[in-house]
Amino acid sequence: MLNNFLDQFATLTVGGLSLGFIYVLIALGYTMVYGVLRMINFANSEVFMYGTFATIIVIRDLFGFTQQSEPATGFRLFYILFLCLVASMLMSGILSILLELVAYRRLRNRGSNKLAPLISAIGMSIVLAEFMRILTDSRYVGSPRVMEKKSLGTFFGAELRLDNTIIIVAGLLLFISLSQFVQRTRLGKAIRAVSMNEDAAKLMGVNLNFVVSGTFLVGGLMTGAAGFFYVLKYENTSFNIGFELGIAAFTAAILGGIGNIKGAFYGGIVLGLLETYASFFLGTQWKAVTVFIVLVVVLYFRPNGVFGEAITQTRA
Amino acid sequence: MSETILKLQNVTMKFGGVVALNDVSFEIKKQEILGLIGPNGAGKTTVFNVITGVYQVTEGDITFEGKSVKGKKRYKITRGGIARTFQNIRLWGDMTALENVITATDTHKKSGLLSGLFGMPVSRREERRDKARAQELLDFIGIGEYADRLAKNLPYGVQRRLEIARALGTEPKLLLLDEPAAGFNPAEKVELAQTIRKIRDAGYTVLLIEHDMSLVMGVSDRVVVVDFGQKIADDLPTKVQNDKRVIEAYLGVPEDAS
Amino acid sequence: MFNLRDWGAGIWERSGRPVRVLIALGAIAIAASLPLLGGTFLKTPIADYGSVLVFPVAIFVIMALGLNIVIGKSGLLDLGYVAFFAIGAYTMGILGTKTGLNSWEILPIGIAMAMFAGLILGVPALRLRGDYLAIITLGFGEIVRITALNLNSIGGANGIVGIPTPPTIFGLEYTFDNHRLYFWTFLIIILLTIWMIRRLSVRRAGRAWESIRQDEDAAELMGVPTFKYKIWAFVLGASVGGAAGVLYASKTLFISPDNFTLQVSILILACVVFGGMGNIWGVILGAVILGYLPDRIRFISDARLLVFGAVLVLMMNLRPDGLLPRKKREKALPEKGQS
Ligand SMILES: Nc1ncnc2c1ncn2[C@@H]1O[C@H](COP(=O)(O)OP(=O)(O)O)[C@@H](O)[C@H]1O
Ligand SMILES: [Mg+2]
């Protein structure tokens, strides 16, 4: 077993990294909203799930791929994948904004008790998942193959499969763009200001509703990109994948220190690798349990995350 | 004056880069009313927070009746005899005034959850006793007639006083009042000063944070002044009023009404 | 605005002891006669009326009462409540099929197992902030289900079949389709639970939970051992969930991991939220309505979870206190002097 593991270590690592980037992008959805509102956006898992469907719709209905179709190649492939990515990002971004408007805004502006937005979020998550379940008749939805998953060669013994490579490269680019966005743009700076101190930001004339919508949009865009990557890698989706991926990505966010963008990056990568290695030994049925145990251990011993800076103590 | 009840020794409290308290030492004697003043952001509330265990001091030590409070759980510090009020009122809004105080008196109950469940006589006796005690405290503070009103519906001034009654419900030896007169009109302030003296005469020791100079100077036996986290004076009210550093500290920052 | 809860509480408070006893007996009599009303408009077209009353209605009521201790009384959001239900049910399933113990002997064991699980989960989880607790409990519920699914020694995905019915008492025989007898038995458990919660609510524990729910930091600083009381709330809630699990397994006689999904936790949460967090009468009403409607109205039956999710969102946004809100009323001010 161990020898086997060592043989496959490099290849497993590549797979783990690509899973890790999917987590990173979903975790960004959780972390950004948390930073601004100090609230767990439970329904982000469903935002992700709708993103996966957007990619399948583009492949299947826009380009008419079926299970029998020849995979695309060259520029046409690039073009299709790019459209899929954009579609997934838009679907999730818009859904995310709507979600905030419908489920949270009223509660936030009324300053209700702490449980209310959480429960509203859970309700929203159920509504979205159930709606999709009814639409898809509770079935898994496979994606026709648009791309031959050929190997691009090996790298230090790791087999570089095309899908994994795309995910890692594109994921890294998206993460860098997001960091730049948060550092450089006005909206990004406003988001950071609100994350650090809501009252002070308000005093400085930041329009809170605008910043919140912007945060949900950006978080949703990233989460949607993860949806595209997921379909690229696993070639199917269903109404209930949000739950498992959502918990894992949330764990990643916690692992890195929630509210902290870099933390989502480290947390996602570490969890992706950890989960891939653990599944190799334990089998995939215990995957969710592994993730959960990581979550409990981290929350218990390092509630501010393993990589995160300490969040200041609560005031009395 | 008699023996020391609370002692801060070289207390430093840092939040990341912010030094909220810098090497602060002072003590309070039994049955004393000690005023704690200083401009906004000077670190007064932080003093309360380190005494009551909300924050752990970065350096130094705090002893209450000779025993360090370091590392003690917050509710145990309270049970040990230190109670406080909050600058920004933190009552339990959906409970009545009386229930707010009874909840604090529960601190001293022997009967727990199970004896309550089975309606044991101890539990019933204690219920009756504490209800009477809570009403007594409300009357003592002068808000007895509001006993059955929900805390959140009470007028502002009554809420402030209810905070004091609730703190007294824990039967403290030392009472910490954080700006109890904030938002009061002059008549209410006079009344509050009388209440504070009454509290002391009933055997409690009081540490009072207050912005209103005439109130603090009038009621305190001694005054400690902090500025930028440092103690700059510790003396009789009359002396402090004429202290050069104190005057400077207050001239630098215009007095805040809130 | 008319407030049903205050109206009811008003009548109750104005009445003397004999009237109160009469009201209580009347309410119990009405509840006990429910199984006899199958021929009326209450008839359920989807599943048999008698069995609907036992499950989901009575079981939902028990679980909602239990979850209400955790979420309604102390403000702790537990999204894995189904775990305790599952533990109770599996205790019944395993001991019922592998030992000679009967349902009544297993009931306390199932309750104890659930309480123990509550303690194990509560000690690490209750140190954390509220929204983390929600996630941890959510994960815990799934872990219990996944474990049951993957442990072949307790039936794996096939679950446990052939669970025995409770033994005959007073010549009353618990046959599979004797729904009335089951219902009346469950009604007794419901009454016991109500008694327990009411007893606790008016005393010290009730106040401690209430103060924790409203402002935990203030509670701790006023000398309330908040951690201890949160654990108690969690463990008591778990005990009720465990009891519901034992009873459920004694009724369906067959359990499998599919009966214990996250959806159950959500359904029960919806019952509590819909009826009115923190108020037992509201919670009961919520559980009765949400347990019964899906079997009465076909549309709701098909889109059960969708409707329940929407209930959560709508209630939180429009009527966060539920149908019957918790106590808000206060006694009138005395006539005399007021400042
Ligand atoms: N939890 C905290 N985190 C960071 N800084 C804090 C915290 N609590 C207090 N401070 C800082 O400590 C200083 C003193 O605050 P405080 O004790 O509230 O002043 P005041 O004298 O007005 O009561 C302020 O600069 C405040 O910003
Ligand atoms: Mg202050």
Residue that is nearest to B:Ala193 (Cα to Cα) [pool: residues in region B:56-83 that are within 14 Å of chain C (Cβ to nearest Cβ) and hydroxyl-bearing (Ser, Thr, Tyr)] = B:Thr78
ask   = Across region B:84-95, which residue is nearest to B:Pro180 (Cα to Cα) among those that are in contact with a Leu (Cβ under 7 Å, 6 or more places away or on another chain), at the interface with chain C (Cβ under 8 Å from one of its Cβ atoms) and modelled with pLDDT of 95 or more?
value = B:Arg84
note = Selection from region B:152-196 of residues away from chain C (no Cβ under 14 Å), surrounded by fewer than 20 Cβ atoms within 10 Å (Cβ to Cβ) and assigned to a loop (DSSP other than H, G, I, E, B) yields B:Ala182, B:Gly183
query = Counting just the residues of region B:197-249 that are in a helix (DSSP H, G or I) and of a type in the set (Lys, Arg), which one comes out nearest to ligand 1 (Cβ to nearest atom)?
reply = B:Arg245
query = Here are C:Leu200, C:Leu221: which of them is aliphatic (A, V, I, L, M) and over 25 Å from B:Pro121 (Cβ atoms)?
reply = C:Leu221
request  = Scan A:Thr284, A:Thr314, A:Thr276 and give me the residue that is modelled with pLDDT under 85 and away from ligand 2 (no atom under 16 Å from the Cβ).
outcome  = A:Thr284
ask   = Out of all the residues in region B:175-212, which are within 16 Å of ligand 2 (Cβ to nearest atom) and among the aliphatic types (A, V, I, L, M)?
value = B:Leu176, B:Leu177, B:Ala181, B:Ala182, B:Leu207, B:Leu208, B:Ile209
note = The condition from (1) more than 9 Å from chain C (Cβ to nearest Cβ); (2) modelled with pLDDT of 85 or more that A:Phe250 misses is numbered (1)
key: Filtered residues of region C:149-160 (kept if farther than 17 Å from A:Leu282 by Cβ and away from chain A (no Cβ under 11 Å))   = C:Ser153, C:Ile154, C:Gly155, C:Asn158, C:Gly159, C:Ile160
key: Members of region B:31-46 that are touching a Leu at 6+ places or on another chain (Cβ under 7 Å) and either of a type in the set (S, T, N, Q) or within 7 Å of ligand 1 (Cβ to nearest atom) (or both)   = B:Gly43, B:Lys44, B:Thr46
task = Among the numbered conditions (1) at the interface with chain C (Cβ under 10 Å from one of its Cβ atoms); (2) open to solvent by less than 30 Å² (accessible area, probe 1.4 Å), tell me where A:Lys287 comes up short.
result = (2)
request  = Please enumerate the residues belonging to region B:26-55 that are open to solvent by 20 Å² or more (accessible area, probe 1.4 Å), away from chain A (no Cβ under 14 Å) and within 17 Å of B:Leu174 (Cβ to Cβ).
outcome  = B:Glu27, B:Lys29, B:Lys30, B:Gln31
task = Among the candidates A:Leu203, A:Leu173, single out the residue that is surrounded by fewer than 21 Cβ atoms within 10 Å (Cβ to Cβ) and more than 19 Å from A:Leu37 (Cβ to Cβ).
result = A:Leu173
Selection count where residues are buried (at least 23 other Cβ atoms within 10 Å of the Cβ) and either over 25 Å from A:Thr136 (Cα atoms) or in contact with a Pro (Cβ under 8 Å, 6 or more places away or on another chain) (or both), scope region A:36-49 = 2
ask   = Which one of these does C:Val61 not meet: (1) free of Cβ contacts under 8 Å to residues at least 12 places away in the same chain; (2) in a helix (DSSP H, G or I)?
value = (1)
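Matching residues to (1) of a type in the set (A, V, I, L, M, F, W, C); (2) assigned to a helix (DSSP H, G or I); (3) facing chain B (nearest Cβ under 10 Å); (4) touching a Lys or Arg at 6+ places or on another chain (Cβ under 8 Å):
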{"position": "C:Gly206", "(1), (2), (3), (4)": "no, yes, yes, yes"}
{"position": "C:Ile212", "(1), (2), (3), (4)": "yes, yes, yes, yes"}
{"position": "C:Val240", "(1), (2), (3), (4)": "yes, yes, no, no"}
{"position": "C:Asp258", "(1), (2), (3), (4)": "no, yes, no, no"}
ask   = Here are B:Arg90, B:Arg74: which of them is open to solvent by 50 Å² or more (accessible area, probe 1.4 Å), in contact with an Asp or Glu (Cβ under 7 Å, 6 or more places away or on another chain), over 25 Å from B:Met217 (Cβ atoms) and within 16 Å of ligand 1 (Cβ to nearest atom)?
value = B:Arg74
inquiry  = Every residue in region A:105-142 that is open to solvent by less than 40 Å² (accessible area, probe 1.4 Å), at the interface with chain C (Cβ under 9 Å from one of its Cβ atoms) and of a type outside the set (Gly, Ala, Ser), please.
reply    = A:Leu107, A:Leu115, A:Pro117, A:Leu118, A:Ile119, A:Ile122, A:Met124, A:Ile126, A:Val127, A:Leu128, A:Glu130
key: Residue among A:Thr66, A:Thr52, A:Thr73, A:Thr11 that alone is among the hydroxyl-bearing types (Ser, Thr, Tyr), in contact with a Ser or Thr (Cβ under 9 Å, 6 or more places away or on another chain) and open to solvent by 30 Å² or more (accessible area, probe 1.4 Å)   = A:Thr11
ask   = Could we say that A:Leu271 is of a type in the set (A, V, I, L, M), facing chain C (nearest Cβ under 10 Å) and over 12 Å from the mean Cα position of the chain (by Cα) here?
value = no
message = Restricting to region A:110-152, name every residue that is outside any helix (DSSP H, G or I), touching a residue at least 12 places away in the same chain (Cβ under 8 Å) and among the small types (Gly, Ala, Ser).
response = A:Ser138, A:Gly142, A:Ser143
Filter result for the condition that a residue is surrounded by 18 or more Cβ atoms within 10 Å (Cβ to Cβ) and over 17 Å from C:Gly206 (Cβ atoms), over B:Thr96, B:Thr58, B:Thr105, B:Thr85 = B:Thr85
task = Mind listing just one residue for me: the one in region B:1-18 that is within 16 Å of ligand 2 (Cβ to nearest atom) and surrounded by fewer than 17 Cβ atoms within 10 Å (Cβ to Cβ) and, of those, nearest to the other protein chains (Cβ to nearest Cβ)?
result = B:Phe15
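The values are calculated or read from the model by the stated rules, or taken from the named source; none is laboratory data. Predicted, not measured: the structure shown is a model, and the values here were computed from it. Using ideal geometry, Cβ is built from the backbone for each residue, glycine included, and neighbour counts are taken over all protein chains shown. When the accessible area is computed, the model is the full protein with side chains, heavy atoms only, and any ligands, DNA or RNA have been set aside. Shrake-Rupley method; radii C 1.70, N 1.55, O 1.52, S 1.80 Å.
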